[in-house]
Structures are given as structure tokens and as C-alpha cells.
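**Student:** My questions will all concern the structure given below.
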Amino acid sequence: MGRRSIRIVLGSVVLGAWAPPGADAAEARRMSKAVFEDKVRGGWAGQMIGVSYGAPTEFRSNGKIIEGNLHGYLDWTPERLLNAINQDDLYVEMTFAEVMDTVGLDATTAQYGAMFKDSGYELWHANAGARRLLNHGLSSPATGHPAHNAHADDFDFQIESDFIGLMCPGLPGEANKYADRVGRVMNWGDGLYGGMFFSGMYAAAFFENDPRRVVEEGLLSIPKKSAYALIIRDTLAWSALYPDDWTKTWRLLTDRWDKDDVCPDGALNSFNIDAKLNGAFVALGLLYGRGDFAKTLEVSTRAGQDSDCNPSSAAGILGVMLGYDKIPEVWKAGIPALADRKFAFTRYSFNEIVASTMARAYRVIEGVGGSAGGDVIVVPRQEPKAPPLEQWRAGVPVKLVPHGDTAWAYEGEWTAAEKTRHADQAGASATLTFRGTGIALVGHARPDGGRADVYLDGKKAGEIDAWTLKGTNDNDAWHRMDLADGPHTVRIVVREDKDTRSSGTRIRLDRAVIYGRAGR
């Protein structure tokens with residue numbers, strides 16, 4: 001274990017003392033542009049390989065390790081890389097990169113949000129919530145705040161942050177600056193920290209050969225007391241205690257952290273799209289892969305949950321460490337044939353996003369006093385600086401109340417199906433009395449969505465606007481997480497008005513998620 005030590009404090013395993021990155025040398029670092037380009041290519045290639053490798057198992061193994069011979073149903077061929085062209089975690093980050101290329105590096109959160117509002121691709125979770133809110137007139141960064149977006153802790157920005165680290169070689173402070181601007185479009189708190197952690201690891205990977213050190217350096221980019229930092233410290237500590245058994249660390253992580261997911265879709269079931277759990281699986285792949293490309297892919301995929309985005313980021317970070325030339329040929333053989341093909345919904349091909357990344361990186365380097373002239377880049381040393389702590393204290397999900405539960409009282413004309421119930425006529429109402437500290441009303445917004453008033457304990461508390469653009473897969477109808485612990489009554493009353501863009505007045509109700517105090 002070398003100079004790293006492990007200590008246990010109040011039952012929580014934490015990482016022992018270690019010297020901060022760069023503490024032993026203050027001079028600027030130098031890298032030839034040829035090597036830099038090779039590493040940028042490695043980062044983008046790694047993402048493409050990882051997402052294509054894991055795509056067949058995405059969210060098909062939740063709360064359990066993917067067993068058996070992966071290659072029994074994941075036969076790898078060069079043609080498999082075609083999958084990367086239409087992957088959202090690649091084309092979404094590229095459209096944010098396009099804002100930087102067109103507006104400039106000083107683009108604001110509101111400007112990133114304006115781009116997102118008019119995007120034409122299909123979205124889910126925090127991304128979908130943000131785009132829906134933008135189209136209802138809310139501006140970013142409010143669109144990522146948990147007061148408005150029930151998916152604020154989900155991993156959306158985390159899987160789209162890679163491009164930031166790739167343009168900030170050895171500059172974690174700059175990476176955090178851009179992450180804070182982009183990530184607040186759709187996330188907040190731990191959801192935002194996921195992108196900072198990832199981009200910090202990418203920034204470190206340009207000048208670091210040890211995957212463990214890369215994870216440690218990425219950890220310095222987020223607040224020490226955040227839940228996200230705690231799970232990564234657990235991952236580091238347990239991987240040191242059990243260096244030859246990643247499944248042991250996976251089980252410890254799952255037992256401690258795969259619970260109480262706030263996301264209305266993950267509440268009280270095995271599906272978990274939480275940023276910090278999936279981020280820990282990326283760290284797991286890097287730590288146990290130990291620089292081996294195939295092993296890194298395997299561990300980050302077998303860990304389950306988002307088993308395509310996780311190996312995408314793990315392989316992307318390792319791709320920077322290795323450089324494109326050292327990625328084994330078997331994995332990258334399909335890239336040359338695709339190198340000039342545009343990624344869906346973007347203006348970039350593989351070759352073009354590499355060139356764009358390098359051009360932005362040169363501006364970032366020069367902006368902090370470095371040099372990008374000639375054949376060598378000179379990068380000043382920059383220590384990571386974590387942002388102020390922000391945590392969503394939403395309580396924990398304690399109960400699901402499906403639309404057909406007898407706890408609901410309906411008035412007016414409602415039509416029931418297996419998974420949902422809907423009403424189109426003004427005056428139709430649904431009432432639920434519950435006990436807890438919060439509630440999320442779950443019902444999909446669609447192009448025919450209408451409006452409803454929401455009353456909490458007899459007082460008007462907000463409204464539901466269930467219209468959204470096609471392809472914006474959002475089911476966060478309405479939520480409140482700051483209630484006094486006790487009995488409450490929520491009532492939905494369908495209105496006759498609607499968004500002028502809507503083709504109907506339909507309100508859908510799938511279920512309610514009730515939140516309470518941990519340990520009740």
C-alpha cells in the first residue's frame with residue numbers, strides 16, 4: 001500500500017493522509033503538442049469505445065453485478081463503434097462544446113440553457129426536466145435547482161462533463177469554473193459535483209500515470225463534506241483494503257450507498273441513476289483496472305446500473321492517460337472508418353471534436369498564463385479548489401402510492417390504465433392525504449399536456465403544466481421536499497387553460513412518492 005494508509009472513524013472508512021497533488025513541485029509542466037493531441041484523441045476514443053461496449057446492458061442489471069462471460073453477448077467488433085454516433089452522453093456534451101466554440105469561453109449558464117431549450121434530441125431525467133422548464137419560461141441556473149427539478153442529484157451532467165476536462169489539461173480550477181457554468185443548467189449539489197469530479201480526473205490524467213492518483217486528484221475538486229466525496233473516499237479506502245477483489249468493494253458500496261435514491265424513478269426500487277453511485281462505479285473501474293483498458297471496461301460495466309455511460313467515462317479518462325496510440329488496436333480498430341462521420345445532432349465528427357477540443361484548450365492554457373505557441377504547451381500548475389458545499393436535504397423515500405391505491409380520492413372524469421390515470425376535463429380532481437416531509441407527484445408531461453392547480457393543506461401551493469416538447473421524457477409533475485414532518489393533504493384540480501403549444505388538456509397521474517426522515 002506504500003505511503004497510503006487507511007483509518008476508520010466512527011464506523012466510516014476514510015482515506016488516510018496523503019500529500020496534495022503538486023505539493024512537491026511548483027514549476028509549470030510541458031507537453032509536446034503531438035503528445036497532447038494523442039491524449040485528446042485517446043479521451044474521445046475511450047468514450048466512444050466505452051459507451052459502445054456497455055450499451056447492451058444499460059440499466060439491465062440494477063443492484064446486482066453482471067455475471068458470466070460478458071463477451072458471450074457483447075461480442076466486440078469494429079462495427080460496434082457505430083453505436084457511439086447516436087449516444088446522448090456524447091452528442092449532448094458536444095452541443096455544449098459548440099456553445100463555447102460559437103459564443104466563446106465566457107458563455108454564461110443562461111446561454112448554455114438557451115441552447116438546450118432549442119435542442120432537438122431526446123432527453124430524460126435532469127436533462128429533460130431542465131429543457132421542459134426552459135420551455136415553460138424558467139431560466140438557467142434555476143432549471144437545475146432541486147426546488148424546480150426533482151432530478152437535480154441525477155447523473156446527467158456527470159455523463160456530459162468529459163469535454164470540459166479534456167480542454168483543461170492539468171487545470172482543475174479552470175475545469176471547475178466551466179463545470180459550474182454548464183452543469184447548473186440541469187443539476188445542483190451532488191449532481192453538479194459529479195461533473196466536477198469527472199472533469200477533475202480528466203484534467204489530472206494528462207500528467208498522471210497512476211489511476212488511483214487520478215481518482216484522488218479528482219476528489220479534491222469537490223467539497224470534502226459532500227455525500228459525493230464520502231462515497232469516493234469509501235471507494236478509495238475499500239479498494240486499498242481489498243485490492244484483488246473488486247466485487248467486495250462493489251458490495252460494500254452497494255450496501256451503504258445504493259439506497260434512498262431521491263429520484264422519483266429510483267425511489268424504493270433497484271433502478272439508481274444517482275450521480276454519486278454511478279460515479280463510484282467509474283472510480284471502481286479505474287482503480288481495479290490499474291491501467292489495463294479491457295479490465296477497466298469490464299469492471300465499470302459489470303458494476304451495473306448505467307453500464308454504458310460509466311465505462312464510457314472510465315475508458316475516456318484512461319484513454320487520456322494512455323493516449324490514443326496505446327489503446328489496444330482491438331478496441332479502436334473501428335474508429336478510422338468513422339473519424340469523419342458527424343455525431344448525431346452535432347456539427348462534429350471525431351476528427352473535428354478533437355480539433356475543437358485542442359483549440360479551446362490552447363485558449364484556456366493561455367488564459368491562465370501558460371503558453372500554447374510552437375510545438376509545446378506550457379501549463380502552469382493549478383491546485384484544485386472545491387466549490388462551497390451545497391446538499392439537497394430532501395429526506396428519503398418512504399412510500400409509493402400508485403394511482404390506483406385507495407388512498408387517492410378522485411372526483412370528476414378520470415380514465416385509469418395499468419400504470420397511469422388521466423383527466424382532460426376542467427374541475428376533475430385527485431386528493432391524497434399522507435404523512436411525511438415531502439411528496440413528488442409523478443405523471444408524464446407530453447405534447448398534449450394541460451394544466452392543474454395544486455393545493456397543499458388547503459392552500460394554493462403551485463401548478464402543474466404537463467405540456468412539453470416531443471422527446472422530453474419528464475415525469476416530475478410537482479414536488480415539495482421541505483414540509484414539517486406530519487400529516488398533509490395534496491389536491492390536484494384540472495384547469496381548462498393550457499399552453500398555446502399543447503394539443504390537449506390532459507393531466508396524467510402515475511403515482512406519488514412520499515418522503516420522510518431517515519431511520520423512521
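**Student:** Identify all residues within the stretch 165-188 that are touching a Ser or Thr at 6+ places or on another chain (Cβ under 9 Å) and surrounded by fewer than 24 Cβ atoms within 10 Å (Cβ to Cβ); write none if there are none.
**Tutor:** Within the stretch 165-188, Gly173, Asp180, Arg181 qualify.
**Student:** Could you tell me whether the stretch 13-34 includes any residue that is more than 21 Å from Pro172 (Cβ to Cβ), at pLDDT 90 or above and surrounded by 20 or more Cβ atoms within 10 Å (Cβ to Cβ)?
**Tutor:** no
**Student:** So, Tyr91, is that one within 16 Å of the chain's Cα centre (by Cα), assigned to a helix (DSSP H, G or I) and among the hydroxyl-bearing types (Ser, Thr, Tyr) or not?
**Tutor:** For Tyr91, the condition - within 16 Å of the chain's Cα centre (by Cα), assigned to a helix (DSSP H, G or I) and among the hydroxyl-bearing types (Ser, Thr, Tyr) - is met.
**Student:** While we're looking at this one, here's another question. Can you list the helices (runs of 4 or more DSSP H) lying wholly within the stretch 321-388 that have 1 or more residues being aromatic (Phe, Trp, Tyr) and under 30 Å from Lys295 (Cβ atoms)?
**Tutor:** 329-332, 350-367
**Student:** Okay, next question. Looking only at the stretch 301-352, count every residue that is touching a Ser or Thr at 6+ places or on another chain (Cβ under 9 Å), of a type in the set (S, T, N, Q) and surrounded by fewer than 20 Cβ atoms within 10 Å (Cβ to Cβ) and tell me the total.
**Tutor:** Looking only at that region, the number is 1.
**Student:** Can you work out which of the residues in the stretch 278-298 that are closer than 17 Å to Ser52 by Cβ and out of contact with any Pro (no Cβ under 6 Å at 6 or more places or on another chain) is surrounded by the most Cβ atoms within 10 Å (Cβ to Cβ)?
**Tutor:** Applying the filter and picking the extreme gives Val282.
**Student:** For the condition closer than 30 Å to Thr472 by Cβ, modelled with pLDDT of 95 or more and either loosely packed, with under 15 Cβ neighbours inside 10 Å or not assigned by TED's automatic domain parsing to the domain that holds Val320 (or both), what is the one hit in Gly63, Gly46, Gly113, Gly104?
**Tutor:** Sole residue among the options that is closer than 30 Å to Thr472 by Cβ, modelled with pLDDT of 95 or more and either loosely packed, with under 15 Cβ neighbours inside 10 Å or not assigned by TED's automatic domain parsing to the domain that holds Val320 (or both): Gly104.
**Student:** Is it the case, given these coordinates, that Thr489 is more than 14 Å from Arg511 (Cα to Cα), buried (at least 19 other Cβ atoms within 10 Å of the Cβ) and at pLDDT 95 or above? Working first, answer last.
**Tutor:** Working: more than 14 Å from Arg511 (Cα to Cα): yes; buried (at least 19 other Cβ atoms within 10 Å of the Cβ): no; at pLDDT 95 or above: yes.
Criteria not met by Thr489.
**Student:** Looking at Pro388, Pro447, Pro397, Pro402 in this structure, which one is at pLDDT 95 or above, exposed (fewer than 14 other Cβ atoms within 10 Å of the Cβ) and under 28 Å from the mean Cα position of the chain (by Cα)?
**Tutor:** Working: Pro447 fails: exposed (fewer than 14 other Cβ atoms within 10 Å of the Cβ); Pro397 fails: exposed (fewer than 14 other Cβ atoms within 10 Å of the Cβ); Pro402 fails: exposed (fewer than 14 other Cβ atoms within 10 Å of the Cβ).
Selected residue: Pro388, the only one of Pro388, Pro447, Pro397, Pro402 that is at pLDDT 95 or above, exposed (fewer than 14 other Cβ atoms within 10 Å of the Cβ) and under 28 Å from the mean Cα position of the chain (by Cα).
**Student:** Regarding Ala55, is this residue surrounded by 15 or more Cβ atoms within 10 Å (Cβ to Cβ) and modelled with pLDDT of 85 or more?
**Tutor:** Spelling it out, Ala55 is indeed surrounded by 15 or more Cβ atoms within 10 Å (Cβ to Cβ) and modelled with pLDDT of 85 or more.
**Student:** Which helices (runs of 4 or more DSSP H) does the stretch 177-295 wholly contain that include 2 or more residues that are among the basic types (Lys, Arg)? Step through it out loud before you land on a result.
**Tutor:** Numbers: elements: 190-205, 211-219, 227-241, 246-257, 275-289.
Filter on the stretch 177-295 gives 211-219, 246-257.
The values are calculated or read from the model by the stated rules, or taken from the named source; none is laboratory data. Not measured: the values here are computed from a predicted model. All Cβ positions, glycine included, derive from the backbone under ideal geometry; neighbour counts span all protein chains shown.
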